[in-house]
Amino acid sequence: MTELPLLGAIDQSRAVLRVSGLDAESFLQGLLTNDISGASADQAVYAALLTPQGKFLFDGFVLRPDPKQFLIDLPATDLDPFAKRLSMYKLRAQIEIARAPVYKTLLLWPTSDGEPLAELQAAVTQLALGYVDPRASALGVRALVESVRAGDAGMLSPLSAAPGDIDAYHARRVRLGVPISGDDLVRDESYPLEIGLDHINGVDFRKGCYVGQEVTARMKHKATLKKALYFVDLAAAPNASPGDELTVADRSAGVLGSAEAGVGLALLRADRAQGELAVDGGGSAAVKAAVFAAAPSGAATAGEE
């Protein structure tokens, strides 16, 4: 076992899109769920793009290396459809939308359940485009590094990090209750507040208009959510996988999302989120607790002072 406080790995599932030009900030500000004015080279803003009906489409981390340029770190499978969607809204905006293949996403996370904040901040200062994860600081540091450095075996040593396994990172993410696109956030289906994007700093309720804002605000202030994200124990369902239906007495209770190391995140009907649930793929899942009964460690609810 390594004695270094951090583990690190390149996340090959990510890609980077560049949005640049005179109107880049106003363009993105009018589309995304969060206030991107606070983005910089060492502070990312986590945000999503919704449908006009308020359903989830894409999410990513927005960095701003210079005043007229934004870099968006998102799942590689979403890059082209996200870029196409942005192009639909471009109209006369003076912007350019292009791939940025020069970058790869580096993840650095603690070896233990604690948060070695000094080491995390030290790593950020050594990375030109590095930042503490805005969803939960306990997840560690994310950075965009040049692709030519991504395979450099010595890249981690100056950061007090040893090589890590991406699966271990995702097991930590699930224990912290942080959902991800694809497994938990389903395109054209998920509502961001049901999945808890507001609890992981993905929604700003004071920034003004954006696509899907009216529906999101109504759900926040006027509606009682019927579904929420829950932790489930998958010890009795070793083959469970994202997308499996969960049922109780042959009635649908919800769907399983992320599943790592015997722990899962599931979007469940609140009136059926208790006890043992049958897993469509075999076995059963034991409901433990609502993920966002309180904000996850290191992530204050969006909008709090």
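The values are calculated or read from the model by the stated rules, or taken from the named source; none is laboratory data. Bear in mind the structure is a predicted one, so any value in this text is a computation, not a measurement. Methodologically, a virtual Cβ is constructed for each residue, glycine included, from the backbone with ideal geometry; neighbour enumeration extends over all protein chains shown.
Within region 213-253, take every residue that is touching a residue at least 40 places away in the same chain (Cβ under 8 Å) and in contact with a helix residue (DSSP H, G or I) (Cβ under 8 Å, 6 or more places away or on another chain) and give me the one that is surrounded by the fewest Cβ atoms within 10 Å (Cβ to Cβ).
Per the criteria, the residue is 226.
Scan region 63-79 for residues that are of a type in the set (D, E, K, R), closer than 12 Å to residue 100 by Cα and not in a strand (DSSP E or B) and report the count.
Count: 0.
Looking at (1) surrounded by fewer than 22 Cβ atoms within 10 Å (Cβ to Cβ); (2) in a strand (DSSP E or B); (3) out of contact with any helix residue (DSSP H, G or I) (no Cβ under 7 Å at 6 or more places or on another chain), can you tell me which one residue 60 breaks?
Status for residue 60: all satisfied but (1).
Just to be sure I understand the filter: pairs with C-beta atoms under 6 Å, separated by 6 or more residues or on different chains, first member in region 183-211 and closer than 21 Å to residue 43 by Cβ, second member assigned to a helix (DSSP H, G or I). Which pairs pass?
Correct list of pairs: 203/197.
Specify the residue that is surrounded by the most Cβ atoms within 10 Å (Cβ to Cβ); the eligible residues are those in region 172-197 that are within 21 Å of residue 245 (Cα to Cα) and of a type in the set (A, V, I, L, M, F, W, C).
Looking at residues that are within 21 Å of residue 245 (Cα to Cα) and of a type in the set (A, V, I, L, M, F, W, C), I get 195.
Is it fair to say residue 53 is in the same structural domain as residue 146 (by TED's automatic domain parsing), surrounded by fewer than 22 Cβ atoms within 10 Å (Cβ to Cβ), touching a strand residue (DSSP E or B) at 6+ places or on another chain (Cβ under 9 Å) and modelled with pLDDT of 95 or more?
no
Which condition does residue 122 not pass, out of (1) surrounded by fewer than 19 Cβ atoms within 10 Å (Cβ to Cβ); (2) within 25 Å of residue 204 (Cα to Cα); (3) at pLDDT below 95, if it passes all the others?
Looking at each condition in turn, residue 122 falls short on (2).
Can you find even one residue in region 12-28 that is polar (S, T, N, Q), part of a helix (DSSP H, G or I) and in the same structural domain as residue 129 (by TED's automatic domain parsing)?
Yes, the conditions are met somewhere in region 12-28.
So how many residues does region 246-286 have that are of a type outside the set (A, V, I, L, M) and over 25 Å from residue 168 (Cβ atoms)? Working first, answer last.
Just the residues of region 246-286 that are of a type outside the set (A, V, I, L, M), to begin with: 247, 250-252, 254, 257-258, 260, 262, 264, 269, 271-272, 274-276, 280-284.
Applying the additional criterion that residues be over 25 Å from residue 168 (Cβ atoms) yields 247, 250-252, 254, 269, 271-272, 274-276, 280, 282, 284.
Here the count works out to 14.
For region 5-20, state whether one or more residues are of a type in the set (D, E, K, R) and farther than 24 Å from residue 151 by Cβ.
No, that holds for no residue.
Can you pull out every residue in region 201-224 that is outside any loop (DSSP other than H, G, I, E, B) and under 24 Å from residue 271 (Cα atoms)?
215, 216, 217, 218, 219, 220, 221
Do any strands (runs of 3 or more DSSP E) entirely within region 83-198 hold 2 or more residues that are among the basic types (Lys, Arg), and if so, which?
On the way: elements: 96-99, 103-110, 130-132, 141-146, 161-163.
Strands (runs of 3 or more DSSP E) meeting the threshold: none at all.
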